[in-house]
Each structure stands twice: as structure tokens, then as C-alpha cells.
Amino acid sequence: MVNEKYLFRYLIDKLYRDNYLREDEIVFLLENVKLYGNDYLIQKADETRRRVYGDRVFMRGLIEISNYCKRQCRYCGISALNPKVHRYRLTKEEILASCDKGYGLGFRTFVLQGGEDSQFTDDLLTDLIYEIKERYPDAAVTLSLGERSFQSYRKLLGAGVDRYLLRHETASRELYESIHINSSYDARLEALRNLKRLGYQVGAGFMVGIPKQTKADLAQDLLFLKELDPEMVGLGPFIPHRATIYRDEEPGSLEDTLTMLALTRLFLPYALLPSTTALASIDENGRELGLKAGANVVMPNLSPVHIRDDYSLYDGKVSSGYEAGEHRKSLEKRICQAGYKVDMSKGDHIRWKNN
Ligand code: 5AD
């Protein structure tokens, strides 16, 4: 009989070496990580990130441009299913003012994120992007505006967008369809493939601890990412929102999220991996622990302060203190204390070779 503790360690070493494991091997790790702990896994993930990106932590300024959304994601606080949200949409001037503030603070990536808001037409967005690129030619623009058509993604790329974030949420078709109303798993994957095909730096990603999510589902997330090979991966714990059907569910745990972050780093050594706001929201040291588990990106909030609380995807989302762009220096201090250093450069993926 094989010694399971030995096998556990052997699989981590194998993953460290090959950046790949089969589904049954991943499931074995996930089933035993409570018993044997995730310290060694996290150590190997940190070694990998240091080998590839050193001790640098890239900063992105996040601007939440609209909380209008036509989609019906059952877990999300700003979904169209929630009539109670105070909806807002930033004007072009407000978005530019946020970029301006961010640029002054040293940010060289602006992430424009929002719900699927049909008012943000291709024309409006291209006009906005031209303006941002003209004002800040040395900054990258990342969009995170959900599913759009191939033509739309092409136009936006043509206007100068560098990157696009579109989490796959879960690689399990069944789970995907059970947590989204009127959504197609195939359309999601098609959108991600279109972004890749067009030449964006692409971010995929998933939530950890979705109600009914299994270890095999999480293994599928890693295998899906390995195949897609995105430049960025956003992953964080599922956190219930009071206005959703999941209000009484347990959030994803810190330990499980850190384990999945470390595994993602080992599967995709070159990925830009944020230590997410959701992780910082479930634990006061979540941000730092994420960095130590292989994350190398932090995305402080640059949105106008008066709308921050309206962009409420889940309960207890931190929107002040270290999460806020204007407190960049205190965030920097915490990053340094954790053993890393802040890199304010554009921070492209290594394949883009501008690092
Ligand atoms: N808990 C955790 N993450 C959530 N998101 C949306 N709702 C929640 C929630 N309740 C995440 C989704 C989405 C991203 C913008 O926020 O993964 O892609």
C-alpha cells in the first residue's frame, strides 16, 4: 500500500516540476490537504512565483464604471435579479477623473470593470479608450465588462485595449448552469476563446466554495485554465450576498482559496494572479496570505468614493482602507512587510516582453 502522506508530497513535487497533474491527482491533493496541511504546497507556489516574477507585486487601478447589469447570476449582488440596488453609471468625465487620480498615484494599468450594461456601447467605449490612451500612452487599459460579441471585442482591441478579464466562474457545465439563469456555458467559453484569438491578454478565473461545488469541479477549473492558458487568473472565495438565494450559505474558506491559488500558480507559473478583494474581505490578512500563496497582483479601488458601496457583489466587500487607491502607500507598506515589493509598471504578461 502506498503511504498517502508520501504520495501527497510526491504529487506536489511533481506539480512543481511539470506544472501539470491529472484530475485524479488533483482530487487526491484536495481530499488530503486538510489532513496534511497546505504549507508545503504554498511554499512551492511561492518559490515558483519568485523564480518567474521575483518578489514583484503589480498594481492595477480598478474603476467600477457601472453597476447596471442585464445578467442574472444567482450569487451576485448587482445582478438584474436584485431590484434593491442603487444603480449608477459613471460618466466619461468621471472615469477620466478616476484615471487621472490613479495616474497621479503612479498606476499604469486601469481596469474598467462593470456589469453588462447596454449603455456602454462600442462607440462610447472606443471613444473613451482613445481618450485614455491619448492622455496616458504609457498605461495599459484592461476591460472587465462581461460577454460581448467577437466584433465588439475586435473594435475595442482596435481602440487600444490591452487586456480583458472574463472569469469562467466554474468549469463545470452543470454547476455553471445552476448558478446562472439564462446563460450559456458554451457562450462563456466561446467569449474567452474569441478574446484569446483576437490577441488580448486574457484573464479567466473562478470562485472557490460555490454551493454544491465539488473537488472534481475545482480540479476541472485547473485543467480548464491549463488548456486555455490565460495571461491572468482571478480567483476568490464565493461570498453570500443577502439579496440572493445563497444568503444563508457558507462562504468559501480562506484555506481552500489559498490552496486553489497555490495550485493555480503551479499549473500556470507565468500567470498574473491577483490577491483578490474577496479574499481580503473574508480575512483581514487575506491580501498578504494570497501573495504568499503565489499571487502577484493587487487591484486597489480608484472608483469615485461616493459610489463604492453600490458596487456590492457580495456582503462585507472591503472598499476602504488598504483597498482604496488613495491609500497606496499604506498598502505598499503591508506588501513590503509580507516580503514583496511593489511594481508600478504596466506589468504585462511575460509573453508580451515589456516587463
Ligand atoms: N462572491 C464572490 N465573488 C463574486 N463575484 C460576483 N459575485 C460574487 C460573490 N457573491 C465575482 C464573480 C465575477 C467577479 C466580478 O466577482 O466571479 O466574475
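Where a number appears in this text, it was derived from the coordinates with a stated rule and is not lab data. Fair warning: this is a prediction, and the values are worked out from it, not measured in the lab. Backbone-built Cβ (ideal geometry, glycine too); neighbour counts: all protein chains shown.
Spacing of the modelled spin labels on GLU174 and GLU47, each 7 Å from Cα toward Cβ, amounts to 3.7 nm. Given R0 = 22 Å, the distance between the Cβ atoms of GLN72 and ASP310 translates into a calculated FRET efficiency of 0.70. Summing charges over all other residues whose Cβ lies under 13 Å from the Cβ of ASN285, with Lys and Arg as +1 and Asp and Glu as -1, gives -1.
Taking a Cβ cut-off of under 10 Å around LYS196, the surrounding Lys, Arg, Asp and Glu residues balance to a net charge of 0, with basic ones at +1 and acidic ones at -1.
Considering only DSSP beta bridges with both partners in the chain, what is the antiparallel share in %, to the nearest 5?
Values: 3 of 34 bridges.
Roughly 10 percent of the beta bridges in the chain run antiparallel, per DSSP.
Annotation for THR91 and ASN19: the two label points, set 7 Å from Cα along the Cα-Cβ direction, are 4.7 nm apart.
Mean separation of Cα pairs under 8 Å and 6 or more residues apart, divided by the residue count, gives the stretch 56-104 a relative contact order of 33 percent. Going from the fewest other Cβ atoms within 10 Å to the most, the residues LYS34, LYS155, LYS292 appear in the order LYS34, LYS155, LYS292.
Only DSSP H runs of four or more residues enter the estimate; each adds -39500 (n - 2.57), and after division by the residues of the chain the mean residue ellipticity at 222 nm equals -13500 deg cm²/dmol.
Modelled label positions at GLU255 and ASP229, each set 7 Å beyond Cα in the direction of Cβ, lie 3.6 nm from each other. In terms of distances greater than 19 angstrom between alpha carbons, the cross-link table entries LYS101/LYS292; LYS292/LYS333; LYS44/LYS353; LYS92/LYS133; LYS212/LYS292; LYS14/LYS212 yield LYS101/LYS292; LYS44/LYS353; LYS212/LYS292; LYS14/LYS212. Each Lys and Arg adds +1 at its Cβ and each Asp and Glu adds -1 at its Cβ; summed about the Cα centre, the stretch 118-272 shows a dipole of about 220 debye. In the elastic network of the chain, a GNM with C-alpha springs shorter than 10 Å, the most mobile of GLU64, GLU177, GLU227 is GLU227.
For LYS333 and ASP100, compute 0.36 nm times the residue count separating them, minus their Cα-Cα distance, and round to one decimal in nm. Display every interim value, and only then the final one.
Details: separation 233, 0.36 × 233 = 83.88 nm, distance 2.32 nm.
Difference between extended and current length: 81.6 nm.
As a proxy for reagent exposure, ranking MET207, MET344 by other Cβ atoms within 10 Å from fewest up yields MET344, MET207. Each Lys and Arg contributes +1 and each Asp and Glu -1, all at the Cβ; summed about the Cα centre of the stretch 244-284, the dipole is approximately 300 debye.
Going by the alpha-carbon gyration tensor, a ≥ b ≥ c the square roots of its eigenvalues, is the stretch 73-119 rounded (a/c under 1.5) or, if a/c is not under 1.5, prolate (a/b greater than b/c) versus oblate?
Values: a/c = 3.02, a/b = 2.21, b/c = 1.37.
Prolate is the answer for the stretch 73-119, as a/c is 1.5 or above and a/b outweighs b/c.
Legend: helices of the chain (whole DSSP H runs) are marked when their alpha-carbon atoms reach 18 angstrom or more along the helix axis and their mean Kyte-Doolittle hydropathy is at least 0.5; marked are 254-267. By the beta-carbon count within 10 Å of each Cβ, the least crowded to most crowded order of ILE95, ILE12, ILE65, fewest first, is ILE95, ILE12, ILE65.
Each Lys and Arg adds +1 at its Cβ and each Asp and Glu adds -1 at its Cβ; summed about the Cα centre, the chain shows a dipole of about 660 debye. Comparing ASN38, ASN19, ASN182 in a Gaussian network model of the chain (Cα springs below 10 Å), the most mobile by mean-square fluctuation is ASN182. Farthest towards the positive end of the charge dipole of the stretch 43-119, among the residues TYR103, PHE58, GLN72, is the Cα of GLN72, using unit charges on the Cβ of Lys, Arg, Asp and Glu.
Rounded, prolate or oblate: which fits the stretch 210-307 when a ≥ b ≥ c are the square roots of the eigenvalues of the alpha-carbon gyration tensor, with rounded for a/c under 1.5 and prolate only if a/b beats b/c? Write down the numbers at each step before the final one.
Values: a/c = 1.73, a/b = 1.15, b/c = 1.50.
Oblate is the answer for the stretch 210-307, as a/c is 1.5 or above yet b/c matches or exceeds a/b.
Think of it this way: in the chain, CYS69, CYS99, CYS336 stand alone, with no other Cys Cβ under 4.7 Å.
In terms of the Cα gyration tensor, with a ≥ b ≥ c the square roots of its eigenvalues, is the stretch 18-133 rounded because a/c is under 1.5, prolate because a/b exceeds b/c, or oblate? Could you put the intermediate results ahead of the total?
Working: a/c = 2.97, a/b = 1.61, b/c = 1.84.
Oblate, since a/c reaches 1.5 and b/c is not below a/b.
Comparing PHE238, GLY205, LEU261 along the charge dipole axis of the stretch 134-262, the residue lying farthest to the positive side is GLY205, per the Cβ-charge model.
Given contacts defined as C-alpha pairs under 8 Å and at least six residues apart, what's the relative contact order of the stretch 254-312, whole-number percent? Relative contact order comes out at 37 percent. Once the Cα-Cα distance is subtracted from the 0.36 nm per residue extended length, the GLU134 to SER152 segment shows a gain of 4.4 nm.
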